[in-house]
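Right, one structure below, let's go through it.
The values are calculated or read from the model by the stated rules, or taken from the named source; none is laboratory data. Nothing here was measured: the structure is a model prediction, and the numbers come from that model. So basically every Cβ, Gly included, is an ideal-geometry build from the backbone, and we count neighbours across all protein chains shown.
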Amino acid sequence: MEDIILNHLDYPVLTWTVFLPVIGAVLLLFLRNAGVIRWFSLLITLATFVISLPILAHFDKSTYKMQFAERHEWITSWGINYFVGIDGISVLFIFLTTILSILCVLVSWKAVDTKVKEFHIAILTMEAGMLGVFVSLDFFLFYIFWETMLIPMFLLIGVWGGPQRVYAAIKFFLYTLVGSVLMLVGIVVLYFYGGRTLNILELSALQYPFQLQCWLFLAFFAAFAVKVPMFPVHTWLPDAHTEAPTAGSVILAGVLIKMGAYGFLRFSIPMFPDATKFFIMPLFVLSIIAIIYGALVCFAQKDFKRLIAYSSVSHMGFVTLGIFALNTQGVEGGILQMLNHGIITGALFLMIGIIYERTHTRMIADYGGFAHIVPWYSGIFIVVALASIGLPGTNGFIGEFLIIFGAFKAGKILGFLAATGIILGAVYMLRLYQMVFFEKLNPNYETGRHPVWDLTLRETVILTPLIVSIFWIGIYPETFLSYIHSSAEHLINNMSLNTGMAFYK
Amino acid sequence: MLEYTLIPLLPLIAFVINIIFGRNYIKDKAHWVSVPAVIGSFVLAVAAFMDVQSGKVININLYRWIVSGDFNVPIGFLIDPLTAVMLIVVTSISSLIFIYSIGYMHGDKGYYRFFAYLSLFVFSMLTLVMSNNFLLLYFGWEAVGLCSYFLIGFWFDKKSAANAGKKAFIVNRFGDFGFGLGVILVFLTFGSLEYTKVFSDAGSVIGKTISIFGYEVNTITLICLLLFCGAVGKSAQLPLHVWLPDAMEGPTPVSALIHAATMVTAGVFMVARCNPLFSLSHTAMTTVAVVGGVTSIFAASIGLVQNDIKRIIAYSTVSQLGYMFLALGVGAYSAGIFHLYTHAYFKALLFLGSGSVIHALHDEMNIQKMGGLKKYMPVTYWTFIAASLSIAGIPGLAGFFSKDEILWRAYAGGDAGRWLWLLATIAAFMTAFYSFRLIFLTFHGKFRGTHEQEHHLHESPSVMTIPLIFLAIGAVASGWVGIPPLLMEHGDRIGEFLAPVLGPPKGEGSHAEEWMVMGLSVFVGLAGIFTAYIMYLKKTELPYKIGEKFQAVYKLLYNKYWIDELYDKTIVRPVLSVSEKIILGFFDAKIIEGVVNGVPNLIGAFSQRLRKIQTGMLSHYAVAMALGVLVIIGAVIFLK
């Protein structure tokens, strides 16, 4: 029997968390009125969040083992189980997902007025898919959830997106599908090699021959690298982010692209440690390229949303660099930075959505001087922008610092190159800020001609939890890091145990 | 002891209140929040100073900030003699600047915002000086950079102001890049970021090396040089000085704050704080001294020919900071801090005085268009004179004692020191010259502005002049705590006070040499003033003639050695055009996207061709079928 701690709450907390949105989506079928649909979806996402809350209180931070686990036989003839559980790597993402989903419903309150029912069904299905990926401990289940995420996102972009939505949606779909198919092949190989089991924990405990490890690593890498996205398979991201409706961008940037990094942590590193070590140089190089390349591309962007999208490439470069530094600081920094990026970029996309509702333009040149007319908005935007460039006191700093520290430990040149990212980040963010908010007000928005109003109460409510988290993590990160410590430590120990990489410890 | 955490927290609270409620509720009463807060900090700072004077050193950890594996760093405060001096400098000068701002910023629509940012600035600087570890220092370090961004770009509807704020932040980030790596290296070397642990273990890593690209580099030297990168950025030394003169775009009280109390001194403080490390590396020390010495004369020479009143003073700051680094580099840490402390008073005074002038002239900053203001603005004039005499090093005033101490330590600091002393002495001449050039052109002679301006000339309100008077007292008297032993037994009270942290000054020399250095520094100061007097009051055609004769030199200085243009051509533009044209325009759009869109297009094109076979004509299919049958039959027959 592998090391798991069965769920000891008086209800199956993970199952409820994952399937409540599904139930909600089904019930939405019977509703007609758009207002009712919105309120009902809000209620469901809120309830999902509330239901998951006891996890935080009852989570045992001292162990790396899977907790709140549930296991039921499902398709016995194929050895497939319904098997879920979470550890320090996944626990925080449950909350990132449930919170961002609430915000997505709220931010679409006014922005989405066509096919309202379908939109909310897509959002709720999406939420269930993402939560499912984070809790699955059986490959079959995992793959179902993994692919489940794809369809609603495809629809969100393709139906409620911008002018280029169809191109973007198909590009997104094909890119990710190609990756996923290779992963499926990898899963099938694992299934037969592992003696016809799909239990992720059992398969993680096995030792695979080096060559097999390498092939499997590459198969999984195809799926995860596209999701992250790593250079050079990143080009779906700017299109998808830019064309998606606000809620879609927030989910994409906030949670979906974390799946790749999560996959590395959950599968690639523990299952294929030797292969990870073998491919470590290319992984470093790709991460560093992503950091610098992603930032440089931002210098020349003319589209508000595209700029933020490309900045994700740079930030996710930090994440993968930290993870593959394979030391405690790098991995913990990487996980925290995934959370941070979800908060920061989520907030940035929300804010772009909010201003887009007033101006109906994404071109940076159409803005200018907005600090004069939307002071609160500008104030909150600068907080998020500063978190994005890793200013101490914000969450971005803690993550980036730990990552650079870990990278430096793994190789001085890595730390050095990664640190250039902090200069480049400041350059493009402050350029953007100046062009949008400073200088003279763009004449289009002078009195009355084109009404632009400051944050409403609803919008302030949306942004508040994100702003609070930015400072909370920045000032007292231990609240969050404490969930991660044991699992990260375990991951590193296992890695060095399996490969004798004492150097990296 | 915990009450001392209020020293930084009071301004922080003021910031939070003003930024949240300022816009709608507090508005033009924002100073009622910020001014009491900073004065409260000042009172507590005095209390802390007295505690330290009685022999206490306060070192408290509040909580563990970041913990990850073997890495951990606390939020904690250290108040020792060095911090105590800094606390007094920062809070006293800030208090006066805050009060002055009530008058200066009166009626500005961003009044509440201004006081909010000022408070945040003071909070950041106080955190920086009170930190007991490198990472919290880094926090304060970045936070002052942020505040400078907000305040330099305070009038953000001006493009130049928004640019200058951005420039300050980004140039500083270049320095912070090195500084951050230095901090990481400190942890990897010492296993801690807390000063007490790092400094007490410093001796144990002597001689250790670290390999970089195959080169063995002395660990301590590398740490010091990386940390010094940060100082070069923050304290505006060559080659990262470019942001400071542009920072003049901010409201004048901000310039005073940046130059005297809250920002540029951070680099000097940090190097002094890390003296146990720097002292172990000859290379690092020499670098610090040379950068300081060269910057002092470089910036002073630019100051000679500028016409913008605030820019002249800005270059003077860069130059004076050069002096401070020179002192640090020759091991005279306390002399560096002493100059930081006296400089804070006369520099704040110069800026606030120039603010008063600018205020009276409705935002005129060109000294060529001023003149004769003495009779309209007596308080501004006389306090300005006090500050200028002080910076020129006239005996008895604050600047004299601190500058003389630096020159003497440089002279006594061996061969390299001798050369740097020579540079610094020439810079002292220039300092006196440009300071009095400014005074003569601004306050003496005839008014050269418009009639409209002349009509409105007035002395500033007392909320502005009273801080000037207080600062003038400091500019005159603050040096009396550091009288060299040559003139007075046990006169160097500040040196003795700082000795437990900064150690006794190094360097040897005879009394005769010390008198010579002192005499020479007084002589060049007087000579500078006299030259300015001749050129700008007696023979006013002389500057023009000299400018004509040495046009090349004049242009070089006037255009600030074209450093900004150089950076623009070699760094800014290439990076921007590479990212736009090559990376985004070619690589991302053509190569990667070419493959991404190319493969489906290829498949699509292939399918298009393939589709043509499917004509839908039965006869075509029948022919194809017949042909197929023939081929199969043929194959079967022939292959048999």
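Apart from one condition, A:Lys302 fits all of (1) touching a strand residue (DSSP E or B) at 6+ places or on another chain (Cβ under 8 Å); (2) crowded, with 24+ Cβ neighbours inside 10 Å; the exception is (2).
Matching residues to (1) in contact with a Gly (Cβ under 8 Å, 6 or more places away or on another chain); (2) away from every other protein chain (no Cβ under 14 Å); (3) of a type in the set (Val, Ile, Thr):
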site	(1), (2), (3)
B:Ile97	no, yes, yes
B:Gly107	no, yes, no
B:Leu137	no, no, no
B:Gly140	no, no, no
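Listed here are the residues, each with its yes/no results for (1) modelled with pLDDT of 90 or more; (2) assigned to a helix (DSSP H, G or I).
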{"residue": "B:Ser119", "(1), (2)": "yes, yes"}
{"residue": "B:Thr127", "(1), (2)": "yes, yes"}
{"residue": "B:Gly140", "(1), (2)": "yes, yes"}
{"residue": "B:Phe156", "(1), (2)": "no, no"}
{"residue": "B:Phe187", "(1), (2)": "yes, yes"}
{"residue": "B:Gly203", "(1), (2)": "no, yes"}
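If you go through region A:258-283 and keep only what is hydrophobic (A, V, I, L, M, F, W, C) and closer than 19 Å to A:Ala488 by Cβ, you end up with A:Met259, A:Ala261, A:Phe264, A:Leu265, A:Phe267, A:Ile269, A:Met271, A:Phe272, A:Ile280, A:Leu283.
Taken together, the criteria place A:Leu466 among residues that are at pLDDT 90 or above and buried (at least 24 other Cβ atoms within 10 Å of the Cβ).
Please verify whether region B:155-172 includes one or more residues that are closer than 27 Å to B:Ile60 by Cα and buried (at least 20 other Cβ atoms within 10 Å of the Cβ). No, every residue in region B:155-172 fails to be closer than 27 Å to B:Ile60 by Cα and buried (at least 20 other Cβ atoms within 10 Å of the Cβ).
Take the conditions (1) touching a residue at least 40 places away in the same chain (Cβ under 8 Å); (2) over 23 Å from B:Asp176 (Cβ atoms); A:Thr361 misses just one of them, which is (1). Quick one: is B:Thr196 at pLDDT 90 or above, more than 10 Å from chain A (Cβ to nearest Cβ) and surrounded by fewer than 22 Cβ atoms within 10 Å (Cβ to Cβ)? Yes. A residue that is more than 20 Å from B:Phe21 (Cα to Cα) and either aromatic (Phe, Trp, Tyr) or modelled with pLDDT of 90 or more (or both) can be found somewhere in region A:443-457.
Only a single criterion out of (1) of a type in the set (A, V, I, L, M, F, W, C); (2) under 30 Å from A:Glu70 (Cα atoms); (3) at pLDDT below 90; (4) crowded, with 18+ Cβ neighbours inside 10 Å is not satisfied by A:Ala168, namely (2).
Out of all the residues in region B:177-186, is one or more surrounded by 20 or more Cβ atoms within 10 Å (Cβ to Cβ), without any contact (Cβ under 8 Å) to a residue 40 or more places away in the chain, within 12 Å of chain A (Cβ to nearest Cβ) and within 17 Å of B:Gly250 (Cα to Cα)? Within region B:177-186 (the criterion being surrounded by 20 or more Cβ atoms within 10 Å (Cβ to Cβ), without any contact (Cβ under 8 Å) to a residue 40 or more places away in the chain, within 12 Å of chain A (Cβ to nearest Cβ) and within 17 Å of B:Gly250 (Cα to Cα)), the answer is no, since none of the residues qualifies.
The set of residues from region B:129-186 being within 24 Å of A:Gly369 (Cα to Cα), small (Gly, Ala, Ser) and more than 18 Å from the chain's Cα centre (by Cα) comprises just one member, B:Ser160.
Within region A:408-422, at least one residue is within 22 Å of the chain's Cα centre (by Cα), more than 7 Å from every other protein chain (Cβ to nearest Cβ) and not acidic (Asp, Glu).
For beta carbons closer than 6 Å, sequence separation of 6+ or different chains, a first residue in region B:68-82 that is within 10 Å of chain A (Cβ to nearest Cβ) and a second that is assigned to a strand (DSSP E or B) and not charged (D, E, K, R), the qualifying pairs are B:Val73/B:Trp65; B:Val73/B:Ile66; B:Val73/B:Asn133; B:Ile75/B:Leu62; B:Ile75/B:Tyr63; B:Ile75/B:Trp65. Selection of region B:93-103 for residues being within 16 Å of B:Ala360 (Cβ to Cβ) and either surrounded by fewer than 24 Cβ atoms within 10 Å (Cβ to Cβ) or without any contact (Cβ under 8 Å) to a residue 60 or more places away in the chain (or both) yields only B:Gly103.
For region B:160-169, the set of residues classified as closer than 22 Å to B:Leu238 by Cα and touching a residue at least 40 places away in the same chain (Cβ under 8 Å) consists of B:Asn163, B:Ala164, B:Gly165, B:Lys167, B:Ala168, listed by residue number.
What number of residues in region B:484-512 are surrounded by fewer than 20 Cβ atoms within 10 Å (Cβ to Cβ) and touching a strand residue (DSSP E or B) at 6+ places or on another chain (Cβ under 8 Å)? Full working, then the answer.
Initially, region B:484-512 is screened for residues surrounded by fewer than 20 Cβ atoms within 10 Å (Cβ to Cβ), giving B:484-491, B:493, B:496, B:499-500, B:503-504, B:506-512.
Of the ones still in play, those that are also touching a strand residue (DSSP E or B) at 6+ places or on another chain (Cβ under 8 Å) are B:484-485, B:491, B:493.
Number satisfying all stated conditions: 4.
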